[in-house]
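What follows is a set of notes on a single structure, which appears directly below.
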Amino acid sequence: MKTLTVMVGITMTSGVIGILPLPSPSSSQLRARQADQQLAERRGDVRDLLASARGVAPSVCALAADGASNGWGGSWDAPDLSVRADVRQLVRSIRSTSLDRTESRALVDALASDDPCVRHLAGTLIGRSGDRSLVPELTEKLRSSSPSERAGAVRALGLLGDRSAVDAIVRTLRDATPAVRANSAWALGRLGDRRAASDVAALVRDALPEVRGAAVVALGHIKAADNTETLLRVLRDDASPEVRRVAAWALGELGSRVAAEGLSAAMRNDKTASVREMAAWALGEIHARDFADALIAVMRADQDESVRETAAWALGELEVKKAADALADVASSDKSAEVRGTAAWAIGQLNPGRAPKGLMAALRDSDDDVRLKAAWALSQIGDADVVSDVTAALRKEKSEQVRQALVRTLLESGDRSSDVFKELLESKDSDTREMAVRALSGNRGNWPWPWPWPRPRPNP
């Protein structure tokens, strides 16, 4: 039942109380009242958010600051039922609307908090607001006597993304506090202004690995190619595996072929698997085709499966056809299903013109994803000589998704066997039946078939 609210006025005539209806508010007045109420609630929520952050552990704080929304906005936000709906709405609104003065005052003041999570959350919300009118005030806070306030202000400036703050942030690269130097390098990388590249590069010799790592990542984002030699030196000599890893990533981002030799050496010789993995990724990213043999050797022999898999992925990116047989051997024999699947996928990227024997063996793999990627690769190759093997695999295959990929392989290989397609027309899977009809009719259209991408590439 709906409740009707009636606004009334009270009058008194000759000692008798009378109740008279007051004029109904206009729609514009109602909207104004609703806006005032929502604003008051939002202000309260901002205070509640900041208060709730006090004392929270750093790792949990980072999730709290960044996890209330998945970054897509609107109705696509993750339905996290542990977070109040009004708080989720607040975070969404701060991503898309300017703060009012009361809200921005509360958040800017919170950058001076003695609690690190409060400062982190305040900076995050300022950045999400996109309110660049705060840049002058935040820039002024870079002169604060409080190191934590300076660190929070420079982080907020990086999140806001206003390049007018670049010169002020460059000055804080020489701050006595490591957190300020690291945040400043990060902020300049986010702003992506090449004018700051040489100043950021000076920090790769900082005493603390956290600062050096932030500077290296910033150089990758700034994409100034004249930093290649600096990053190669870091990749070769830095004592921190994490700093070397992000140096390999930054070199991949720069895309300079000059870096290929150094990346190859790191991929083969670095003692830390995550560095070798990133170096393999970077070789694929910069399309270093001359280093296919080095990638093949690492794919076959590295002790770490993430390194072997990334080397296989890089070979697929390079599209060097001579790698097909080596990839096929790995696709049929590596002990890791992830490596076998990515090697099969890479063969499809190469499109060698014929199907290597190892790829056919991968159709019998115990892992569904490996068989799926092998079938996809065969459909890319379109080798008519494999039709009988694919047909035999199709009759035994239990996964409907893999069956769909095998149907496409038959179509791309030119087979129109009525017996095989009769079986497909009787499949319980509607997509498989649809694909059989298309195959028999010669209609290739937009196929509802799976695209077997490899696992996500490493990022710092």
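What follows draws every value from the coordinates through simple rules; no lab data is involved. Everything quoted here is computed from the prediction, not taken from an experiment. Cβ coordinates were reconstructed from backbone atoms using ideal geometry, including for glycine residues, and neighbour counts include every protein chain displayed.
Within the shell of other residues whose beta carbon sits under 12 angstrom from the beta carbon of Ile286, the net charge comes to -3, with Lys and Arg scored +1 and Asp and Glu -1. When Lys141, Lys321 are sorted by how many other C-beta atoms sit within 10 angstrom of their C-beta, beginning with the fewest, the order is Lys321, Lys141.
Ordering Phe291, Phe421 by the number of other Cβ atoms within 10 Å of each residue's own Cβ, fewest first, gives Phe421, Phe291. The Cβ shell under 12 Å around Val166 holds other residues with a net charge of +1, Lys and Arg each +1, Asp and Glu each -1.
Between the beta carbons of Ser441 and Arg289, assuming R0 = 45 Å, the FRET efficiency works out to 0.65 to the nearest 0.05. Counted by Cβ distance under 13 Å from Gly192, the other residues give a net charge of +2, where Lys and Arg count +1 and Asp and Glu count -1. What's the FRET efficiency of Ala51 with Ser164 using the Cβ-Cβ distance as r and R₀ = 22 Å, to the nearest 0.05? Once rounded, the FRET efficiency stands at 0.10. One decimal place: the segment Ser399-Ser133 gains 90.1 nm when fully extended, by the rule 0.36 nm per residue minus the C-alpha distance.
Compute the FRET efficiency between Asp385 and Glu426 as 1/(1 + (r/R0)^6), taking r as their Cβ-Cβ distance and R0 = 22 Å, and round to the nearest 0.05. For Asp385 and Glu426, the calculated efficiency is 0.20. Legend: ranking of residues Val204, Val339 from fewest to most surrounding C-beta atoms inside 10 Å; resulting order Val204, Val339. In order along the stretch 155-163, phi translates into HN-Hα couplings of 5, 4, 5, x, 5, 5, x, 9, 6 Hz, rounded to whole numbers, per the Karplus curve 6.51 cos²θ - 1.76 cosθ + 1.60 with θ = phi - 60° and x for Gly and Pro.
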